[in-house]
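Here the structure is laid out as structure tokens; the discussion comes afterwards.
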Amino acid sequence: MLSGIPCLSRLLCLAAFGVIVSCGAALAQELPPAANRPVDFDTEIHPLLAERCFQCHGGGQSRGGLQMDSRELLLNGGDSGPVVVEGKSGESRLISLVAGLDPELIMPPKGPQLTPEEVGILRAWIDQGLVWHETKTEAAAYVASVTPRRPELPAAKEGASANPIDRFLDAYYALHSVTPSASVSDAVFLRRASLDVTGLVPQPADLDAFLADTDPEKYAKAADRLLGDRLAYAEHWMTFWNDALRNDFQGTGYIDGGRKQITQWLFDALYNNLPYDQFASQLINPSAESEGFVNGIIWRGVTAAAMVPPMQAAQSVSQVFLGVNLKCASCHDSFVDHWKLADSYGMASVFSDGAMELVRCDVPQGETAQIKFLWPEVGRVDPKRSLAGRRAQLARLLTSEENGFFARAIVNRIWAKFMGRGLVEPLDVIENEPWNADLLDWLASDLVDHGYDLKHTMKLILTSQAYRLPSVDTPPDSQNAYVFRGPEVKRMTAEMFLDTLSSLTGAWQENPQFAVPEPPKKKDEQPKPPVIRAWRVNSDPLTRAMGRPNREQVVTRRQSLATALEAVELTNGQTLSSHLQRGAESLLAAPPASPEDLVSSIYRHALQRDVTESEKAAAAQMVGSPVTKEGFEDFLWALAMQPEFQLIY
């Protein structure tokens with residue numbers, strides 16, 4: 001996996017045979033010049049060493065006796081002597097090798113060679129005294145504990161929201177000198193909540209009723225109504241869980257039996273709001289209906305040791321349910337966190353029919369992996385148990401109330417889905433410091449107290465004052481410490497985008513791959529066209545361009561930024577064009593009495609506001625007089641291209 005990362009072991013072996021030439025002052029003239037400026041260890045040197053050297057010489061590894069986990073260890077050199085000379089880069093063996101002066105002794109041995117600029121930075125670092133900082137920053141002093149924590153709920157301020165989330169945030173705002181903004185309009189709230197819970201914009205009748213309601217409990221009632229729509233809820237959250245659980249209708253392995261769907265089990269679990277501890281348990285210790293997740297994908301041909309099915313299971317279970325990414329540690333000891341190769345193989349062995357040998361970077365180590373849970377203090381998995389028995393034990397350990405990371409990971413994901421950013425970032429590094437640890441731990445303990453009912457946590461968020469704050473747009477590359485001021489602006493998923501268009505026009509998807517329960521019909525109600533939402537069909541060029549993954553890997557968050565490919569598909573793609581054609585045909589099947597009224601109703605349904613006079617005039621010009629199907633396609637396209645349509649504010 002990381003075979004392109006260089007290693008100094010070749011140098012040390014060649015040195016033992018006297019092959020290395022002198023790296024004295026005469027050779028220094030041939031090296032790239034040292035950077036003529038101060039270099040920074042944290043932002044320039046450590047990332048370079050981590051990327052190019054640490055596979056073999058970091059994280060406790062010491063190929064050829066050389067270890068680079070600290071300045072002292074680097075200066076100690078390896079089995080063949082020093083590799084750096086403090087203050088003298090021209091005499092440092094490391095520099096002569098990374099500069100590639102001898103074609104037979106280039107480091108790294110594989111992958112791109114260091115650029116002259118990178119060599120110059122390393123030279124300057126050595127010349128300037130090998131300044132070395134501990135890679136753990138002050139912020140990293142936070143140590144996450146697997147032990148659950150139940151913070152005391154702050155008292156509600158007089159006249160302020162009594163929602164527990166807001167009570168924790170009141171102290172947070174004071175600490176960070178934040179004055180919360182006024183709440184968004186009721187129309188913005190209902191659009192935001194409807195899309196977050198059901199993936200659909202509110203129906204005009206529901207919007208009108210909500211706007212007219214003067215009951216202070218209207219937000220709680222709206223949350224109950226949205227969360228109580230079992231079909232809409234399940235259909236929307238199928239997208240999230242299909243991404244996370246690597247489940248799809250087509251793709252690698254499905255044809256030849258190397259992969260198995262869990263669609264029916266997953267839909268039923270969401271439709272029936274299966275408690276989350278049972279949800280996880282039934283995937284880790286599965287039945288025939290849910291075994292596709294831990295069985296993974298049987299890849300054709302020769303595959304890396306890190307991609308065998310038991311290791312896939314360890315990676316997927318840890319990432320999805322614990323917020324722990326074991327991919328690096330599945331090949332070697334990770335140099336970005338504390339997880340070791342033995343940890344990954346310990347988890348993988350739970351899912352293996354037989355003993356597993358440790359394999360580092362596809363090189364067998366001659367050592368048998370010991371079965372274990374990632375946090376042994378929570379409990380152990382008995383290696384003498386059968387495969388089913390070990391999986392059952394793992395499911396109990398993982399969902400145990402003693403394992404605080406299980407509940408933290410899912411409430412963090414739910415918070416991120418509703419608020420656009422997690423309490424902990426990245427979502428799959430749950431041991432990072434939260435921006436509000438008390439709030440995270442309280443939400444996790446509250447989830448446990450309420451029987452792992454995810455809808456309970458969702459309602460808490462939906463009914464908080466924090467959820468109704470105006471949206472903010474934090475740049476993804478911001479160097480400033482994050483401070484919560486409101487939900488982040490979010491982009492619709494591909495499925496939301498297409499479902500919203502369909503709800504406006506009545507032209508839903510075709511060729512569904514899965515059947516859902518039919519909604520109850522009123523007496524004498526005329527049959528309606530089937531509502532086939534976008535998650536129920538195979539991916540296409542448009543949905544792939546808008547971020548629907550191939551689901552061969554766990555995806556817990558889709559990219560929110562627009563891409564060039566997405567822009568091309570939205571402007572010139574045949575997929576969207578065909579959808580708009582069917583939409584226009586559906587709307588104009590019965591000629592509208594007034595095109596102006598149709599335009600106005602579509603605007604209100606799509607954007608939860610009235611059309612402006614300028615928009616009405618532009619729409620009239622597009623749809624034509626008399627109205628044409630092509631003109632209405634153009635109108636629908638222009639409406640769908642508006643940021644106000646595609647973004648969740």
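Before moving on, here are some points about what is shown:
- Extreme residue, modelled with the lowest pLDDT, among residues of the range 39-68 that are part of a loop (DSSP other than H, G, I, E, B) and under 20 Å from Glu118 (Cα atoms): Gly58
- Count of the range 534-551 residues which are open to solvent by less than 40 Å² (accessible area, probe 1.4 Å), of a type in the set (D, E, K, R) and on the phi < 0 side of the Ramachandran plot: 3
- For the range 247-301, the tally of residues that are closer than 23 Å to Tyr233 by Cβ and among the acidic types (Asp, Glu) stands at 4.
- Residue within the range 334-355 that is open to solvent by 60 Å² or more (accessible area, probe 1.4 Å), under 24 Å from the mean Cα position of the chain (by Cα) and β-branched (Val, Ile, Thr) present: yes
- Each residue in the range 355-396 was checked for being closer than 29 Å to Phe335 by Cβ and assigned to a helix (DSSP H, G or I), and 4 pass.
- Among the conditions (1) outside any loop (DSSP other than H, G, I, E, B); (2) surrounded by fewer than 18 Cβ atoms within 10 Å (Cβ to Cβ), the only one that Phe635 does not satisfy is (2).
- Residues of the range 369-390 satisfying the condition of being touching a Phe, Trp or Tyr at 6+ places or on another chain (Cβ under 9 Å) and among the polar types (S, T, N, Q): Gln370
- In the range 623-632, residue modelled with the lowest pLDDT [restricted to those that are open to solvent by 60 Å² or more (accessible area, probe 1.4 Å) and in a helix (DSSP H, G or I)]: Lys629
- Restricting attention to the range 481-499, the residues that are surrounded by fewer than 21 Cβ atoms within 10 Å (Cβ to Cβ) and among the hydroxyl-bearing types (Ser, Thr, Tyr) total 1.
- Segments classed as helices (runs of 4 or more DSSP H), wholly inside the range 222-340, with at least 3 members that are modelled with pLDDT of 95 or more and hydrophobic (A, V, I, L, M, F, W, C): 230-245, 263-271, 276-284, 309-322
- The lone exception for Val568 - which of (1) surrounded by fewer than 21 Cβ atoms within 10 Å (Cβ to Cβ); (2) closer than 29 Å to Arg604 by Cβ it fails: (2)
- Taking the criterion of being among the basic types (Lys, Arg) and open to solvent by less than 50 Å² (accessible area, probe 1.4 Å), the residues of the range 230-265 that qualify are Arg246, Arg259.
- Among the candidates Leu326, Leu274, Leu283, residue that is without any contact (Cβ under 8 Å) to a residue 40 or more places away in the chain, within 30 Å of Gln365 (Cα to Cα) and not charged (D, E, K, R): Leu326
- Of the residues screened, Phe514 is not one that is open to solvent by less than 10 Å² (accessible area, probe 1.4 Å) and in a loop (DSSP other than H, G, I, E, B).
- Of everything in the range 189-229 that is within 16 Å of Thr457 (Cα to Cα) and among the charged types (D, E, K, R), the residue that is surrounded by the most Cβ atoms within 10 Å (Cβ to Cβ) is Asp196.
The values are calculated or read from the model by the stated rules, or taken from the named source; none is laboratory data. Source: prediction; values computed, not measured. For neighbour counting, all protein chains shown are included, and Cβ atoms are generated from backbone atoms with ideal geometry for every residue, glycine included. Calculation scope for accessible area: heavy atoms of the full protein, side chains included, ligands and nucleic acids excluded. Shrake-Rupley method; radii C 1.70, N 1.55, O 1.52, S 1.80 Å.
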